[in-house]
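Down below is the structure, laid out as structure tokens.
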Amino acid sequence: MMRKEKFVPGEYYHVYTRTILKSPEFKNYGNANRLAQAFLLGNSTMSSQAFNYLRNNRNPIFEKAVEIARQGKRLTDIVCYSIMPDHYHLLLREKSESGITDFIRRCNTSIAKYINTKFNRAGPLFEGNFKSKHISSNEYLLHLSVYIHLNPLDFLSNKEWRYNKLKNWPLEKQKLLNYPLTSLMAFLKKDYSNQIISGEKIITGQFKNCEEYEKYLKDWAVNTLELEKTKDFIID
């Protein structure tokens, strides 16, 4: 089936993929971490070789697979991401024609093979084609990064952040930072390195420092968030 969304090199997109029947496959940390690894290895023209190395060696070294992937060209810039129990969000920049499409296909195929082998089953893991939405403005870009980074509060705490009702930001912030399957730490900690992301300066460069981005994040969840704003980011 042809995609309605045409990805244009240099443009940014919100990409979303959900498991079939909302099965919480990534509530299992091992599965979620394997998906994060797929984000890293799959974003390369050498991803097939990297994945084959992991599959075909009895005691593979993950860093070796990363080295193999880095010998290829990056397919897309992963600006930020979050992995949820039954879906994931990505903010991506198309680097070359078909880059995003190839990247998602490689990631989804890899994690589906892993989970199917692990649980001795067959068939697809995700619902049909992945969903996407073009990011048409800088305001949308900034807001989307916050939406993606706050998303884990849906299950780590509750959905009050969507309704401007968070009461204890320090507590909620700590929950988010303790959750390892997002890119948030790289946005809030100056010297923190996340190998998965690239091109994040399109966002972080618009803030004086990490504290200023945190204030923006907090304001979005505690002070100034309007429910109407979140409708732009819901693509399911």
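Read-outs: derived from the displayed coordinates by stated rules, not from any lab. In this text the structure is predicted, and so the values were computed from the model without any measurement. Positions of Cβ are backbone-derived with ideal geometry, glycine not excepted, and every protein chain shown enters the neighbour counts.
Each of Val8, Val79, Val66 was scored by other Cβ atoms within 10 Å of its Cβ. Listed from fewest to most, they are Val8, Val66, Val79. Between the helical axis of 138-150 and the longest alpha-carbon principal axis of the chain there is an angle of about 80 degrees.
Of the peptides 200-210, 93-103, how do they stack up when ordered by the mean number of other Cβ atoms within 10 Å, highest first?
93-103, 200-210
Note on Leu177 and Lys64: the model spin-label points, each 7 Å out from Cα along the C-beta direction, lie 3.7 nm apart.
According to the Kirkwood relation over distinct C-alpha pairs, the hydrodynamic radius of the chain is 18.4 Å. As a rough footprinting exposure proxy, the listed residues Ser23, Ser48, Ser137 were ranked by other beta carbons within 10 Å of their own, and the order from fewest upward is Ser137, Ser23, Ser48. Ordered by the count of other Cβ atoms within 10 Å of each Cβ, fewest first, Leu171, Leu125 give Leu171, Leu125.
For segment 5-71 versus segment 135-177, the inter-centroid distance based on Cα atoms is 24 Å. Shown here: segment 138-233, whose C-alpha atoms stretch 31, 29, 21 Å along the first, second and third principal axes, sorted largest to smallest. Couplings for segment 59-65, taken from phi via the Karplus curve 6.51 cos²θ - 1.76 cosθ + 1.60 with θ = phi - 60°, read 10, x, 9, 4, 4, 5, 4 Hz in order; Gly and Pro are left as x. Indicate the gyration tensor shape class of segment 12-134 (rounded, prolate or oblate), computed on the Cα atoms with a ≥ b ≥ c the square roots of the eigenvalues: a/c under 1.5 is rounded; otherwise a/b larger than b/c is prolate and the rest oblate. The shape class here is oblate.
When the Debye formula is applied to the Cα atoms of segment 64-104, each taken as the same point scatterer, what base-10 log of I(q)/I(0) results at q = 0.14, 0.21, 0.25, 0.31 Å⁻¹? Each listed q corresponds, in turn, to -0.39, -0.78, -0.93, -1.01.
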